[in-house]
Amino acid sequence: MRLPKLVIVALATAALAASSATADPGHGKSSGADATKCKPANVKLMGTLTSDPGSTDTSFTMTVTKSNNAGKAYKLAGTATVNVDTKTRIHRHAAGVHGNKATVGDLALGDYAKVRAKVCKTDLANGATPELTARKVDARAPKAPKAPKADKND
């Protein structure tokens, strides 16, 4: 009487183990709809503004002097056009000014700017430079030139 119950329990346990083993999708790259999703890359650009955007403008241009690895194509190109939208956070730092939130119209020609944006990694392939919409722009006015030092021997 005990033997048939033991056999039934053993078979049920084996069936559960087999069903869970076949349900594992495995590891590795997906081949379904998730395979075509955008994998974002953070692009960071630093340089000077070459345009003076107005308050209604939706973009500005800049000369790129530094970048992270994702933005190296923009550095090689030398310039970049950066779009801004309502979600873009813009800060302009100036001496003696408390609170640095700004609008695109507050940016000025020659400002040093740091731009953060996100694009799909696949769009950056082969040195391509897709359109950028900035998430954050930090700008500051150019530093004033230092006054020449007076010579003590005169």
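Values in this text are rule-based calculations from the coordinates and carry no lab data. The structure presented is a predicted model; accordingly, all values stated were derived computationally and were not measured. Reconstructed Cβ throughout: ideal geometry from the backbone, glycine too, with neighbour counts over all protein chains shown.
The phi torsions of segment 83-90, fed into the Karplus equation with coefficients 6.51, -1.76 and 1.60 and a -60° offset, translate into couplings of 8, 10, 9, 5, 8, 6, 8, 10 Hz, rounded to whole numbers, with Gly and Pro shown as x. A Förster radius of 30 Å, combined with the Cβ-Cβ distance separating Asn83 from Thr122, puts the computed FRET efficiency at roughly 0.95.
By count of other Cβ within 10 Å, fewest leading, how are Met62, Met46 ordered?
Sorted ascending by nearby Cβ count, the order is Met46, Met62.
In a simple Cβ point-charge model (Lys, Arg +1; Asp, Glu -1; nothing else charged), segment 38-140 has a dipole of about 580 debye relative to its Cα centre.
When a footprinting reagent is the concern and you count Cβ atoms within 10 Å, what order do His27, His91 take, fewest first?
Numbers: His27 5, His91 15.
Least to most surrounded, the residues fall as His27, His91.
Averaging 1/r over each pair of different alpha-carbon atoms in segment 38-140 and inverting the result gives 13.7 Å, the Kirkwood hydrodynamic radius.
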